[in-house]
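Asks: Structure incoming, see below.
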Amino acid sequence: LQELRNAVFVTVTQRAVRRAARGVFRHLNALDMNYHLQRNTGALTRVIERGSRSINYLMTSMVFNVVPTVFEISLVSGILAYNFGPSYAAVVVSTIVAYIVYTIRVTTWRTQIRREMNELDNKAIGRVVDTLMNIETIKLHNGGAHEERAYDGVLADYEKAMIRTQSSLSLLNFGQNAIFSAGLTAIMLLSAREIAAGGGSVGDLVLVNGLLFQLSFPLNFIGSTYRELRQAMIDMEAMFDLTAVQPAIPERPDLPDLALPLASACPPGALNCPLEPPRIELQNVAFTYPN
């Protein structure tokens, strides 16, 4: 069923990616020459590539991951509340809320770090592409060492951003595991207390443990999905920001099409009458050598 789902839905996602990429490409072709002379080819290519890939991920995650995960969490919480009482449901809901709030806050903080890392990555790729495209000029002016130092400086900044990204990711995973472990410990204590009081059985303890562990998989998935969705939104924002760039001399949409009259429609002796097809003529021009 999963493969059938992917085979059917790929038509929708790829059609959306195609339309978005075509619109951005059309807009770039409509920009003036001054923009294309000043643009960074490598960075621009990377932005379009990431943006197109993010559209596919965003649509797939929202339809097949986020919605089923929310349904599963609601279903497990309802089963616990119905069979074991409101105290169990309160622990489960508190754990989920704390998990989601912590994930969102830390991920929002990490977004700026990821954005900086992406900008440095685009800058590094752009430096490589521009260097290879202008290798003749660089060789002529003996600028290879300068380009190497500039590229190494960008890579050093990217290295620092990558370290901050990985460190913040480790902090996020540690906090998520701590929150879930605290919730699991609390609900197991509730279940053990009821068993000691004679109001439950060992089977209830196993059931509660299994249901809560069942929630751990979608919770972990929500954390990673939220991070990737935030990153996908950043990449899509960078791609669609290209469409906000306007040409220096915009073309008016109400201008009529250029029409060239036929040569037969020109009156005899007319000097400024266009011809079809257009051609260049030299009249009364002579080329001579001096004596």
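Asks: Go over the candidates Y151, Y158 one by one and state the one that is closer than 30 Å to I138 by Cα, in contact (Cβ under 8 Å) with a residue 12 or more places away in the chain and crowded, with 18+ Cβ neighbours inside 10 Å. Quick ask: steps written out before the conclusion?
Replies: On the way: Y151 fails: crowded, with 18+ Cβ neighbours inside 10 Å.
Y158 is the lone residue from the list that is closer than 30 Å to I138 by Cα, in contact (Cβ under 8 Å) with a residue 12 or more places away in the chain and crowded, with 18+ Cβ neighbours inside 10 Å.
Asks: So how many residues does the stretch 206-233 have that are closer than 20 Å to E116 by Cα, buried (at least 17 other Cβ atoms within 10 Å of the Cβ) and among the aliphatic types (A, V, I, L, M)?
Replies: Qualifying residue count, the stretch 206-233: 2.
Asks: Return a yes/no flag: does the stretch 93-110 have any residue that is out of contact with any Phe, Trp or Tyr (no Cβ under 8 Å at 6 or more places or on another chain), under 30 Å from R46 (Cβ atoms) and open to solvent by less than 60 Å² (accessible area, probe 1.4 Å).
Replies: yes
Asks: Here is a further query. Counting just the residues of the stretch 31-42 that are in a helix (DSSP H, G or I) and surrounded by 13 or more Cβ atoms within 10 Å (Cβ to Cβ), which one comes out modelled with the highest pLDDT?
Replies: Looking at the filtered set, the residue picked out is Y35.
Asks: Could I ask something else about it? I need the full set of residues from the stretch 21-30 which are open to solvent by 20 Å² or more (accessible area, probe 1.4 Å) and touching a residue at least 12 places away in the same chain (Cβ under 8 Å), in order please.
Replies: A21, G23, F25, H27, A30
Asks: Shifting gears a bit: Only one of F180, F174 is open to solvent by less than 70 Å² (accessible area, probe 1.4 Å) and modelled with pLDDT of 80 or more; which?
Replies: After applying the criteria, what remains is F180.
Asks: Look through the stretch 183-198, keep the residues that are of a type outside the set (K, R) and open to solvent by 60 Å² or more (accessible area, probe 1.4 Å), and return whichever of them is nearest to N220 (Cα to Cα). Explain how you work it out, then say what you get.
Replies: Quick first cut of the stretch 183-198, residues of a type outside the set (K, R) only: 183-192, 194-198.
Next cut, open to solvent by 60 Å² or more (accessible area, probe 1.4 Å) only: 185, 189, 194, 196-198.
Details: T185: 18, L189: 23, E194: 29, A196: 32, A197: 34, G198: 34 Å.
Applying the filter and picking the extreme gives T185.
Asks: Which one of P253, P247 is in a loop (DSSP other than H, G, I, E, B) and free of Cβ contacts under 8 Å to residues at least 12 places away in the same chain?
Replies: The conditions single out P253.
Asks: Within the set of pairs 6+ apart or on separate chains, which have a first residue in the stretch 71-92 that is closer than 13 Å to Q214 by Cα, a second that is aromatic (F, W, Y) and open to solvent by less than 50 Å² (accessible area, probe 1.4 Å), and C-beta atoms under 6 Å apart?
Replies: L80/Y88
The values are calculated or read from the model by the stated rules, or taken from the named source; none is laboratory data. On a predicted model such as this, the values are computed, not experimentally measured, just so you know. Using ideal geometry, Cβ is built from the backbone for each residue, glycine included, and neighbour counts are taken over all protein chains shown. Ligands, DNA and RNA are stripped out before the accessible areas are found, and what is left, the full protein with its side chains, is counted by its heavy atoms. Shrake-Rupley method; radii C 1.70, N 1.55, O 1.52, S 1.80 Å.
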